[in-house]
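Chemist: This structure is in C-alpha cells; I'll ask about it shortly.
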Amino acid sequence: MKFVDKIKELKKQKNAIILAHYYQTGDIQDIADYVGDSLGLSQKASEAKCDRIVFAGVYFMAETAKILNPKAKVLIPDREAGCSLADSCPPDRFADFLKQYPDYTVISYINCSAAIKTMSDIIVTSSNAVSVVESFPKDQKIIFAPDRNLGGYINRLTGRDMVLWDGTCEVHDILSTEKIIQLTMAHPDAKLIAHPECRAQVLELASFVGSTNEMIRFTRTDSSEKFIVATESGIIHQMKKESPGKEFIIVPSDESCACNDCPYMKMNTMEKIYRCLADESPEVQLDEDTIVRASVPILRMLELSKPGR
Ligand code: 13P
Ligand code: SF4
C-alpha cells in the first residue's frame with residue numbers, strides 16, 4: 001500500500017486530522033485536511049474536534065496547536081523541524097532584555113517558542129501583525145520580537161517606533177535585491193510579491209507584501225499573469241492549484257537551484273507522517289503551567305482576528 005493510502009486509513013482509525021503549512025511539499029499539502037498560514041492553522045487547531053492532530057509544519061506551530069487544543073495528542077513528523085527565527089530568541093536572553101523595558105507592551109510574532117509566548121502580552125502572525133499593533137494607542141511603548149524585518153516593516157507602515165528584537169528568518173533574510181532586480185529585468189511583465197520576513201530593501205520593491213495565505217489570494221485575484229515570489233518554494237504548489245494558467249517564479253536562495261526551501265519545513269515527508277501517526281510519536285509535550293500562560297496572548301490574538309472585528 002502507498003503511504004497516502006496508509007495515512008488515510010490510520011487517520012480514520014485514530015480520529016486524527018492533518019494540518020499542513022503552505023511550505024510543505026505538494027504531496028503533504030494534498031493529503032492534509034487543512035493547509036494554511038500560521039493564523040489559519042492556529043484557528044483550525046483551536047476548533048478541531050479530534051483525538052490526534054498531525055502537524056506538518058515546524059515545531060513552534062505544533063506547539064501552538066497543543067497550547068490551543070491541549071486535550072488532543074499533537075504529533076509532529078520530525079521533532080528536529082525547528083525554525084531559525086524562533087531559535088534567534090532564546091528565553092533567558094529575552095527575559096534579560098525585557099528587564100530593560102519594564103513599562104513596555106510585548107508583542108511577539110508567532111514564530112517563537114512557548115516560553116517566549118508566556119512572556120508576551122499578545123501574539124501576532126504575518127497576516128494580522130499590522131492590525132494588532134494598530135489596535136494599541138499610537139503612544140504605547142512596544143517591544144516587537146523576534147523578527148526585526150517584520151517589526152521594521154510595521155514600524156514603517158504605521159509610523160511607530162517599536163523596539164525590535166534582532167532576529168531573522170534564514171530563508172527570507174537571505175533574499176537579495178540584486179537577484180530580484182535581475183529577475184524583474186528578465187521578466188518585466190511580472191509582479192513582485194514578498195513575505196514580510198524579507199529585508200526592507202526587498203519589501204520596498206514589492207507590489208504586494210503579505211502572509212503566505214494573503215500572497216496566494218493576491219495571485220488569484222490580481223489581473224497579472226506572472227509573479228516573482230519572494231518566499232519559500234512550497235507556496236508555489238497552492239498558487240498553481242488556485243491559478244493554473246498563471247506563471248510563478250520563485251526568488252532563488254543562491255545560484256545552485258531555482259528554489260528557496262526552508263530546511264526545517266522540508267524535513268517532513270509522507271513516510272514520517274505515516275510513522276508518527278502509527279507510533280504516536282514524536283508527540284508535543286508541554287507542562288500545564290506553560291500551556292495556560294502561553295495560551296493567554298494567543299487567545300487574545302485569535303479574539304482580535306475574529307471575522308467582523
Ligand atoms: P505565514 O504565517 O505567513 O504562513 O508565515 C509562516 C512562516 O514561517 C513564514 O516563514
Ligand atoms: Fe522559520 Fe523561516 Fe522556516 Fe518560516 S521559513 S519556519 S520563519 S526558518
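Chemist: Within segment 56-95, take every residue that is under 14 Å from the mean Cα position of the chain (by Cα) and aromatic (Phe, Trp, Tyr) and give me the one that is nearest to ligand 1 (Cβ to nearest atom).
Modeler: Step by step, filter segment 56-95, then rank; the result is Phe60.
Conditions (1) among the hydrophobic types (A, V, I, L, M, F, W, C); (2) more than 15 Å from the chain's Cα centre (by Cα), marked per residue:
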| position | (1), (2) |
| --- | --- |
| Thr125 | no, no |
| Ser135 | no, yes |
| Ile142 | yes, yes |
| Asp147 | no, no |
| Asn155 | no, yes |
| Asp173 | no, no |
| Ala190 | yes, yes |
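Chemist: Answer with yes or no whether Glu9 is surrounded by fewer than 16 Cβ atoms within 10 Å (Cβ to Cβ) and under 21 Å from Cys169 (Cβ atoms).
Modeler: Against the criterion (surrounded by fewer than 16 Cβ atoms within 10 Å (Cβ to Cβ) and under 21 Å from Cys169 (Cβ atoms)), Glu9 does not qualify.
Chemist: Identify, please: which residue in segment 197-223 is in contact with a strand residue (DSSP E or B) (Cβ under 9 Å, 6 or more places away or on another chain) and acidic (Asp, Glu) and is, among those, farthest from ligand 2 (Cβ to nearest atom)?
Modeler: Taking the candidates together, the pick is Asp222.
Chemist: Looking only at segment 27-38, count every residue that is open to solvent by 10 Å² or more (accessible area, probe 1.4 Å) and more than 14 Å from ligand 2 (Cβ to nearest atom) and tell me the total.
Modeler: 7
Chemist: Would you pick out the residues in segment 112-131 that are open to solvent by 30 Å² or more (accessible area, probe 1.4 Å), among the hydrophobic types (A, V, I, L, M, F, W, C) and within 14 Å of ligand 1 (Cβ to nearest atom)?
Modeler: Across segment 112-131, the qualifying residue is only Val130.
Chemist: Enumerate the pairs (first residue in segment 1-23 and touching a residue at least 24 places away in the same chain (Cβ under 8 Å); second residue anywhere and within 16 Å of ligand 2 (Cβ to nearest atom) and in a loop (DSSP other than H, G, I, E, B)) with beta-carbon separation below 7 Å, excluding pairs fewer than 6 apart on the same chain, so at least 6 apart or on different chains.
Modeler: Partner pairs satisfying both residue conditions: Ala20/Gly57; His21/Gly57; Tyr22/Asp37; Tyr22/Gly234; Tyr23/Glu232; Tyr23/Gly234; Tyr23/Cys262.
Chemist: For the condition aliphatic (A, V, I, L, M), more than 16 Å from ligand 1 (Cβ to nearest atom), under 27 Å from Ile107 (Cβ atoms) and open to solvent by less than 50 Å² (accessible area, probe 1.4 Å), what is the one hit in Leu302, Leu286?
Modeler: Leu286
Chemist: Can you tell me how many residues in segment 237-266 are at pLDDT 95 or above, more than 17 Å from Cys83 (Cα to Cα) and open to solvent by 40 Å² or more (accessible area, probe 1.4 Å)?
Modeler: So the answer is 7.
The values are calculated or read from the model by the stated rules, or taken from the named source; none is laboratory data. Quantities reported herein were computed from a predicted structural model and do not represent experimental measurements. Cβ atoms come from the backbone with ideal geometry, glycine included; neighbour counts cover every protein chain shown. In case anyone asks, the SASA skips ligands and DNA or RNA and just uses the protein heavy atoms, side chains included. Shrake-Rupley method; radii C 1.70, N 1.55, O 1.52, S 1.80 Å.
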